[in-house]
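Reading through the structure tokens given below for one structure.
The values are calculated or read from the model by the stated rules, or taken from the named source; none is laboratory data. Keep in mind that what you see is a predicted model, and the values were worked out from it rather than measured. Cβ sites come from the backbone with ideal geometry, for glycine too, and all protein chains shown count toward neighbours. What goes into the accessible areas is simple: the full protein's heavy atoms, side chains included, and nothing from ligands, DNA or RNA. Shrake-Rupley method; radii C 1.70, N 1.55, O 1.52, S 1.80 Å.
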Amino acid sequence: MTLIPTGIMIEMFGDTHKIGSPNLVFDTPEKREFASKLPVWKRQLAIKHLRVPYHTYNRGLAMIGTLHRPVEGGLPNLGVVGGLLGESRCGKTIVCEAYVERYPPRDGALGREFPVVYMDASVGMSRRRAGHKIQRATEARHRILTREDPSEWSVDRILRCKSELLIVDDSHFMFFNQRSSQTAMEMFGFVKDVVDTGLVTVLLVGDVSIETYVQGIDAFKNREWRSDILEPLTNSTADLELFGDLLKSIDRRLPFREPSHLDRYRDHFHLYSSGHIGLVMNILHDAGYFALNDRAACIMVEHLRAAVRTRIAPGDDNNYFGYKSAKRK
């Protein structure tokens, strides 16, 4: 998860927007001119943390919202387990980031409260390691409560912070690819302990293999398990049209004086990314930085070529953005 720097705002024609907000749009000549004159570090952050709502993004947010707070203006739905699943780089983490920001930390009677807590799992993660991640996620820099072992106080910490939802990203690493079955059992126990409090809901985010795992465990399946799978846009006519619209939406959020007309390169972006938004953004981050360094009015094809050059896999003969043609000249 890439946390967006807090408190970095852009004031534009009477409106104030946080960097990373989907509402930060430069969609008129006046706004584009304004964006081009921002300090370069703000423009860099606007590119790095660019977030654009599109149908997969909106679907993911809706799924988390239905799990966490199914009734608008109602109460949190506690003590249940859900899954947001899909291939790597299909946008799951971006969706989680956006949802976490909807429920920022707040000051409570007993200290800081975190309605939504995000942690990412890692290969071979132990319960103790999970405790350290909970510690950092809730801004606790020192020992919590009276126990030395973070594996003991991690659930208590979540409750103490009045957390309603625990999001565990890359959670397939908790149950698969572990060093030992004992480690996997520790992580199962951690999630079960959180849910068993009846005061916190858990969202497992990661590979679709999680579905098979959960379906074989009554402790999770019987806690109102539900899941949704985010899929990359295919090369069907309908999906390619959506993909082109996505590129246009990204273009409206780039802090340059002129449009980059990214949709011109729709087929190249899709060929490289296979419809995975994360891979598209990888290219655009670097291309945007190259354009900033060149003091260019927009991202140009040579910037896209430079960005993709170091990312082409061995044996990939595709001529993305005309990179190979330009190289031969």
Residue in segment 82-103 that is closer than 15 Å to residue 158 by Cα, open to solvent by less than 60 Å² (accessible area, probe 1.4 Å) and small (Gly, Ala, Ser) present: no
Hits in segment 262-278 (condition: modelled with pLDDT of 95 or more, touching a Lys or Arg at 6+ places or on another chain (Cβ under 8 Å) and of a type in the set (A, V, I, L, M)): 262
Test: residue in segment 199-219 that is under 30 Å from residue 28 (Cβ atoms) and either in contact (Cβ under 8 Å) with a residue 12 or more places away in the chain or crowded, with 21+ Cβ neighbours inside 10 Å (or both): no
Flag if residue 21 is closer than 25 Å to residue 190 by Cβ, small (Gly, Ala, Ser), open to solvent by 10 Å² or more (accessible area, probe 1.4 Å) and not in a strand (DSSP E or B): no
Unique residue being of a type in the set (Phe, Trp, Tyr), open to solvent by 60 Å² or more (accessible area, probe 1.4 Å) and in a helix (DSSP H, G or I) when the list is 290, 269: 290
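Go through segment 167-198 residue by residue and tally those that are under 22 Å from the mean Cα position of the chain (by Cα) and either open to solvent by 10 Å² or more (accessible area, probe 1.4 Å) or charged (D, E, K, R) (or both). Full working, then the answer.
As a first pass, look at segment 167-198 and keep what is under 22 Å from the mean Cα position of the chain (by Cα): 167-176, 191.
Right, trim to either open to solvent by 10 Å² or more (accessible area, probe 1.4 Å) or charged (D, E, K, R) (or both) and you get 169-170, 172-173, 175-176.
Residues that pass the stated criteria total 6.
Consider residue 254 carefully, then state whether it is outside any strand (DSSP E or B), within 30 Å of residue 26 (Cα to Cα) and touching a helix residue (DSSP H, G or I) at 6+ places or on another chain (Cβ under 8 Å). It would help to see each step written out before you state the result.
On the way: outside any strand (DSSP E or B): yes; within 30 Å of residue 26 (Cα to Cα): yes; touching a helix residue (DSSP H, G or I) at 6+ places or on another chain (Cβ under 8 Å): yes.
So residue 254 fits the description; yes.
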Number of positions in segment 284-324 that are closer than 13 Å to residue 273 by Cα and among the hydroxyl-bearing types (Ser, Thr, Tyr): 1
Residues being of a type in the set (A, V, I, L, M, F, W, C) and modelled with pLDDT under 90 - total across segment 91-120: 2
Per-region count, segment 272-287, residues surrounded by fewer than 17 Cβ atoms within 10 Å (Cβ to Cβ) and either among the charged types (D, E, K, R) or under 18 Å from residue 318 (Cβ atoms) (or both): 1
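From 299, 283, 312, which residue is modelled with pLDDT under 95 and either at negative phi or within 20 Å of the chain's Cα centre (by Cα) (or both)? Steps first, answer last, please.
On the way: 299 fails: modelled with pLDDT under 95; 283 fails: modelled with pLDDT under 95.
Within the list 299, 283, 312, the selection yields 312.
Does residue 33 satisfy the criteria of being in contact with a Lys or Arg (Cβ under 8 Å, 6 or more places away or on another chain) and surrounded by fewer than 14 Cβ atoms within 10 Å (Cβ to Cβ)? Give the steps one after another, and end with the answer.
Numbers: in contact with a Lys or Arg (Cβ under 8 Å, 6 or more places away or on another chain): yes; surrounded by fewer than 14 Cβ atoms within 10 Å (Cβ to Cβ): yes.
Yes; evaluated as a whole, the condition is true for this residue.
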Hits in segment 119-139 - residues which are within 24 Å of residue 84 (Cα to Cα) and not in a loop (DSSP other than H, G, I, E, B): 119, 120, 127, 129, 130, 131, 132, 133, 134, 135, 136, 137
Hey, residue 6 modelled with pLDDT of 90 or more, outside any helix (DSSP H, G or I) and either aromatic (Phe, Trp, Tyr) or more than 25 Å from residue 204 (Cβ to Cβ) (or both) or not: no
Single condition residue 54 does not satisfy, out of (1) farther than 28 Å from residue 181 by Cα; (2) at pLDDT 90 or above; (3) among the aromatic types (Phe, Trp, Tyr): (2)
Output for segment 44-53, where each listed residue is in contact with a Phe, Trp or Tyr (Cβ under 9 Å, 6 or more places away or on another chain) and open to solvent by 30 Å² or more (accessible area, probe 1.4 Å): 44, 48
Scope segment 177-232; condition closer than 15 Å to residue 158 by Cβ, among the basic types (Lys, Arg) and modelled with pLDDT under 90; matching residues: none
